[in-house]
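S.K.: Quick one: this structure, given as structure tokens, is what I'll be asking you about.
Derivation of every value follows stated rules applied to the coordinates shown; laboratory data play no part. Predicted model, so just to flag it, every value in this text is computed and none were measured. As a convention, Cβ positions derive from the backbone with ideal geometry for all residues, glycine included, and neighbour counts pool all protein chains shown.
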Amino acid sequence: MPTYTIELSDVEQKAFEYVATDVEFWIQNAVHERARIAIEEMVQDHIKEKLAKGESISGTKEEIAMATDLPNAVARNEAMLKAMVTPPGTV
């Protein structure tokens, strides 16, 4: 399981203390909540793909998210940028 470490400047720490009673809890909660939302999105996209193909769906949300073959954010951004700079019909 990956571990991430962040460093806040003194002013960022002070700002967080202004809005949060527990800075570490706030940061942990924000990260876990965003991941939960992404899992929901991945599961919904996977379900849509399976239904379109007439295939069965099984597993927990976590199992489905881990098994999906959806493009990650880097690949989606690259495709979007390519589409923005490539005139239609010139691939």
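S.K.: Within the stretch 18-37, restricting attention to residues that are part of a helix (DSSP H, G or I) and surrounded by 12 or more Cβ atoms within 10 Å (Cβ to Cβ), which residue is farthest from the chain's Cα centre (by Cα)?
M.R.: 23
S.K.: Looking at the stretch 62-79 only, could you name the residues that are surrounded by 10 or more Cβ atoms within 10 Å (Cβ to Cβ) and either part of a helix (DSSP H, G or I) or touching a residue at least 40 places away in the same chain (Cβ under 8 Å) (or both)?
M.R.: Selection gives 62, 63, 64, 65, 66, 67, 75, 76, 77, 78, 79.
S.K.: Looking only at the stretch 38-61, filter to residues that are closer than 29 Å to residue 3 by Cβ, among the charged types (D, E, K, R) and out of contact with any helix residue (DSSP H, G or I) (no Cβ under 8 Å at 6 or more places or on another chain); which one of those is surrounded by the most Cβ atoms within 10 Å (Cβ to Cβ)?
M.R.: If we take residues in the stretch 38-61 being closer than 29 Å to residue 3 by Cβ, among the charged types (D, E, K, R) and out of contact with any helix residue (DSSP H, G or I) (no Cβ under 8 Å at 6 or more places or on another chain), then 45 is surrounded by the most Cβ atoms within 10 Å (Cβ to Cβ).
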